[in-house]
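Worksheet: the structure to be examined is printed underneath.
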Amino acid sequence: MNRAVDQPEPNPLREGLSARAVPQPCTIVIFGATGDLTHRKLIPALYNLAADGDLPPAVEIVGFARREKSDEQFRTELEEATRKFSRQAVRDEVWKTFAQSIFYHQSEFAEESGYKTLAERLDKIDKEQFEPILKHLKAVGLNETCKGSWARVIVEKPFGSDLASARELNRIVSNSFTEEQTYRIDHFLGKETAQNILVLRFANAIFAPLWNRHYIDQVQITAAETLGVETRAGFYERTGALRDMVQNHLLQLLCLVAMEPPTDLGADSIRDEKVKVVRSLRHLSRNEVAANVVRGQYTEGAIHGKSVLGYRQEQNVKPDSQTETFVALRLYIDNWRWADVPIYMRVGKRLPKSATEISIHFKKAPAVLFNRDLNDQNVLVIRIQPDEGISLRIQAKVPGTSFRVEPVKMDFHYGTSFGKASPEAYERLLLDAMSGDATLFARRDEVEEAWAFIDIIEEAWAAKKDAPGLFFYPAGSWGPEKADDLLAGDGRAWRRL
């Protein structure tokens with residue numbers, strides 16, 4: 001929730017690509033501020049913005065949580081976390097100035113009196129559980145955009161656990177904040193490489209004519225991590241990989257890859273095209289789920305030579321848990337551009353490597369010139385993390401007297417090409433929220449359409465007679481063999497990361 005002094009809000013997306021909206025002086029209130037997200041992501045992101053000179057000096061940060069602590073205690077804890085998780089070294093003089101804008105406000109989320117004192121404290125600074133937070137913000141008028149100020153609410157994922165709960169949450173939010181005031185955050189969209197997908201597609205004429213079913217054979221999206229459930233068992237047991245990753249992160253990336261060119265670079269123009277992609281997803285019948293979706297769960301194994309527990313042996317996990325830690329699925333987009341092009345997605349924990357990438361596999365060239373089948377396709381790979389960049393695999397002649405063709409890579413790395421580290425995703429997203437730019441935030445209809453697609457799969461799993469089995473895979477492997485069969489049946493294979 002933000003309040004700020006009124007300033008003009010230029011739209012740099014319409015005025016030119018070299019400009020960007022300037023964030024306005026404001027107060028950022030973080031609810032549940034003693035949690036992991038605040039310490040690992042939000043405060044380090046805000047510090048980096050301050051260190052880079054992108055954060056207005058008048059920005060104040062208020063942590064709202066149940067535990068009792070002083071401003072100084074809160075600042076000390078955040079300093080320790082920022083020194084550990086910041087992408088750049090913390091400079092003492094910068095932190096000292098930055099920390100003076102951090103405050104702590106203790107209250108139970110369900111007590112309206114705590115919000116009244118928050119309102120008083122925000123007024124002082126200026127001069128200075130989900131539903132209860134929104135309800136009480138509205139009750140004391142913190143959702144109102146009175147003259148000389150604005151108010152926005154940023155909602156972290158997961159936004160609901162199915163279509164019904166997402167609609168209910170949207171209803172609750174809309175009772176206190178308008179859609180224009182609501183920013184549903186997905187940190188994947190704040191990553192430089194995710195943002196660069198639109199530039200790659202629409203600013204390079206060489207790709208536009210090829211970006212369709214006539215030239216593209218398949219699309220693969222992989223989000224792999226070596227980590228297990230760690231301390232998130234309570235959350236993960238209720239959620240699983242499908243809800244935690246596919247419904248938001250992976251479908252968001254797919255929308256950027258598959259969307260039509262927007263009429264302009266305004267937030268709603270881009271989000272209009274993304275919604276069309278989600279609406280065009282071919283909905284599976286319950287009987288089709290088993291043939292197109294594979295769910296798995298890791299067992300004990302080894303990661304980088306170190307033995308690790310299986311999911312069911314992790315703390316706070318049920319010994320007979322049916323929660324999936326791996327999902328692979330085949331889906332189709334039923335529109336003119338992508339008709340019959342298979343989209344393969346996979347996401348999993350305790351895999352051999354941590355990486356997120358999108359690979360576009362082009363159809364093979366005719367074999368007539370070289371009198372043989374070229375085994376390798378041209379593949380365009382967009383690396384989202386950790387080695388951000390883009391590579392293109394092409395065919396080339398091997399030097400020598402024989403005429404031998406082999407694949408080679410043309411590679412682009414963000415770090416080496418631009419000579420600077422990419423900002424963390426939350427840095428960009430928080431700055432955009434302060435600037436009033438909603439381009440990289442999910443809109444209500446997009447969230448609900450994504451859940452409508454996911455619910456069919458979840459319902460098929462829940463219906464015992466139709467539910468596909470849970471396939472197990474040892475930690476350190478690339479998931480259950482059944483996931484390989486999903487592509488093998490189509491004469492394809494997963495790209496090796």
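The values are calculated or read from the model by the stated rules, or taken from the named source; none is laboratory data. Model, not experiment: these values are computed from the prediction. In this analysis, Cβ positions are derived from the backbone assuming ideal geometry, glycine residues included, and neighbour counts consider all displayed protein chains. Areas reflect the complete protein model, heavy atoms only, side chains present, ligands, DNA and RNA absent. Shrake-Rupley method; radii C 1.70, N 1.55, O 1.52, S 1.80 Å.
A few notes on this one:
- Qualifying residue in the range 296-313 (condition: within 19 Å of the chain's Cα centre (by Cα), part of a strand (DSSP E or B) and small (G, A, S)): no
- Matching residues in the range 206-237 - criterion: being open to solvent by less than 10 Å² (accessible area, probe 1.4 Å), among the small types (G, A, S) and out of contact with any helix residue (DSSP H, G or I) (no Cβ under 8 Å at 6 or more places or on another chain): A224, A233
- Within the range 303-323, none of the residues are surrounded by 15 or more Cβ atoms within 10 Å (Cβ to Cβ) and within 25 Å of A258 (Cβ to Cβ).
- Remark: pairs (first residue in the range 189-215, under 13 Å from M259 (Cα atoms) and of a type in the set (A, V, I, L, M); second residue part of a helix (DSSP H, G or I) and open to solvent by less than 70 Å² (accessible area, probe 1.4 Å); Cβ separation under 8 Å; 6+ apart in sequence or on different chains) = I197/L253; I197/L256; I197/V257; L198/L256; L198/I270; A208/R201.
- Evaluated against (1) of a type outside the set (A, V, I, L, M); (2) closer than 22 Å to I456 by Cβ; (3) modelled with pLDDT under 95, S269 falls short on exactly one condition, (2).
For every residue, the table says whether it meets (1) open to solvent by 90 Å² or more (accessible area, probe 1.4 Å); (2) within 21 Å of D54 (Cβ to Cβ); (3) of a type in the set (F, W, Y); (4) modelled with pLDDT under 85.
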{"residue": "E79", "(1), (2), (3), (4)": "no, yes, no, no"}
{"residue": "K84", "(1), (2), (3), (4)": "yes, no, no, no"}
{"residue": "Q88", "(1), (2), (3), (4)": "no, yes, no, no"}
{"residue": "E108", "(1), (2), (3), (4)": "no, no, no, no"}
{"residue": "D123", "(1), (2), (3), (4)": "no, no, no, yes"}
{"residue": "E128", "(1), (2), (3), (4)": "no, no, no, yes"}
{"residue": "P132", "(1), (2), (3), (4)": "no, no, no, yes"}
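- Note on the range 325-340: among residues that are more than 19 Å from the chain's Cα centre (by Cα) and crowded, with 19+ Cβ neighbours inside 10 Å, the one that is farthest from T299 (Cα to Cα) is W338.
- Residues satisfying the stated conditions in the range 175-191, i.e. open to solvent by 50 Å² or more (accessible area, probe 1.4 Å) and touching a Lys or Arg at 6+ places or on another chain (Cβ under 8 Å): N175, E179
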